[in-house]
Amino acid sequence: IRDRSPSRGLGDVYKRQICIAGESGSGKTTSMRNLDPKTTYYIDADGKGLSWKGWRKQYSQENKNYFACDEATIVRQYIKRIAEACPSVKVIVVDTINGLMVADEMRRSKEKGYDKWVDLAACVWDLVCECYTYRDDLTIIFTAHTQTDHDENGYMFTRIKTSGKKLDKIVLESQFTTVLLSKCVDGHYKFETQANNSTAKSPMGAFDQMEIDNDIVEVLKALEDF
């Protein structure tokens with residue numbers, strides 16, 4: 001990881017943790033397309049690359065702003081190092097947190113007993129919680145897959161998909177100041193900003209509409225006062 005020359009603008013906002021949650025293909029990764037690669041570090045936990053034309057020229061190991069890794073402990077170390085040693089990096093993206101959870105679960109698939117699930121939950125929980133201890137001008141964005149539960153009465157509720165019931169009980173969404181639900185409506189990609197049978201949430205007054213355009217840069221601008 002190499003530091004780059006400081007720049008001003010979106011990087012001067014107050015420290016936040018944001019989660020962009022949604023089904024596969026709903027526009028989570030694409031919403032990052034307008035971030036400045038000079039002040040952004042992209043951690044690709046799914047190892048699938050990004051989803052817009054020309055991304056390889058923007059993010060790569062050669063540019064010192066891209067890292068593909070699905071081990072939560074290593075990702076945690078990278079975030080800590082970036083936060084402490086690279087002040088010009090203002091935004092870190094972890095895409096997706098499910099990639100970390102599933103990879104950890106598969107690596108420990110032969111282990112038996114309840115302790116494994118406690119360890120898996122603690123690994124992800126500690127990673128997210130530790131991000132609040134870093135410098136104030138750093139925004140960390142996690143993307144996450146969702147699941148929609150249905151009850152016998154037909155009620156539907158959408159939330160972050162987690163591995164094991166332990167993370168369900170402690171509610172991963174509670175550790176984010178903003179959770180936006182990405183979705184495609186009539187061919188248009190949108191963010192849902194407030195709960196609508198979901199765990200979507202955002203600070204009061206940040207957004208005038210329930211649905212906004214799928215662009216994380218515009219989200220960061222709207223959150224500057226929060």
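Rule-based calculations on the coordinates, nothing more; no lab input. What you are looking at is a predicted structure, and each value in this text was computed from that prediction instead of being measured. Note: ideal-geometry Cβ built from the backbone for every residue, glycine included; neighbour counts use all protein chains shown.
Remark: the stretch 29-87 projects, on average over all directions, an area of 4.1 nm² (convex hull of Cα atoms).
In this label model, Glu224 and Ile74 are separated by 3.8 nm, measuring between points 7 Å along each Cα→Cβ vector.
A simple packing score, the average count of other Cβ atoms within 10 Å per residue, orders the peptides 193-204, 137-148, 56-67 as 137-148, 193-204, 56-67, with the highest score first.
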